[in-house]
Amino acid sequence: MIKRICIYIFLFFCFILNIIIDFNIKNYFETLNKCFGKNIVLSGNLYAFICFIIALISILIVLDILLVLYKNKEENKGIKFKTEDGTYGTANWMAENEISEVLGINDIPGIVLGRYNTNLIKLPFDSYFNKNICVFGSSGSMKTIGFLLTNLLELSKYKKSIIVTDPKR
């Protein structure tokens, strides 16, 4: 609704601009005469031709706007933009209650994924998810310090439960 109102306001301003230009063509020609020092005569036929060109351009702009709006409506016809439908996938951000169900929070041994509010969010070692992680970033974006070293320090806390030592040694 707001989009349609904005388009009507824009078209109204285009119409007003068209009328203002049509009434001021003679003033423009007088300014051109002064600037170039020539006497450009504005005949009735030339005036009508210029007004016709301006009106034609205005009509084409209005048609272009209407065609774009109509095309967008036709493109979206038959597509359901609901996440339940899965037209464009079903991925979504994890809700707060899902974080505690699926991932570990604070002192659970696991791979540090990040922070949510004041809690550390970890992928527990006994999780049913695989432990494959890919870290992307340009050079200098703290991939090593922010992810690798953080997880190495975190793993060092739990080394007794992770590292299996040979009892014969």
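For region 95-153, what is the accessible area per residue in Å², given a 1.4 Å probe and the full set of protein chains?
Values: 4270 Å² over 59 residues.
About 72 Å² of surface per residue is accessible.
S58 exposes around 30 Å² of accessible area when a 1.4 Å probe is run over every protein chain in place. Over region 103-160, the fraction of Cα-Cα pairs per 10 Å bin, rounded to whole percents and listed from the shortest bin up, is 22, 53, 24, 1.
Per the Cauchy relation, a quarter of the hull surface: what is the mean projected area of the convex hull of the alpha carbons in region 1-72, in nm²? Don't skip to the answer; put the middle values down first.
Numbers: hull surface 23.7 nm².
Computed as one quarter of the Cα hull surface, the answer is 5.9 nm².
Other residues whose C-beta falls under 12 angstrom from the C-beta of I50 contribute a net charge of 0, scoring Lys and Arg +1 and Asp and Glu -1.
Computed with every protein chain present, the accessible area of T144 is close to 80 Å² [probe 1.4 Å].
The values are calculated or read from the model by the stated rules, or taken from the named source; none is laboratory data. Note that the coordinates shown come from a computational prediction; the quantities given were computed from them, not determined experimentally. Cβ sites come from the backbone with ideal geometry, for glycine too, and all protein chains shown count toward neighbours. Surface accessibility is based on the protein's heavy atoms, side chains included, excluding ligands, DNA and RNA. Shrake-Rupley method; radii C 1.70, N 1.55, O 1.52, S 1.80 Å.
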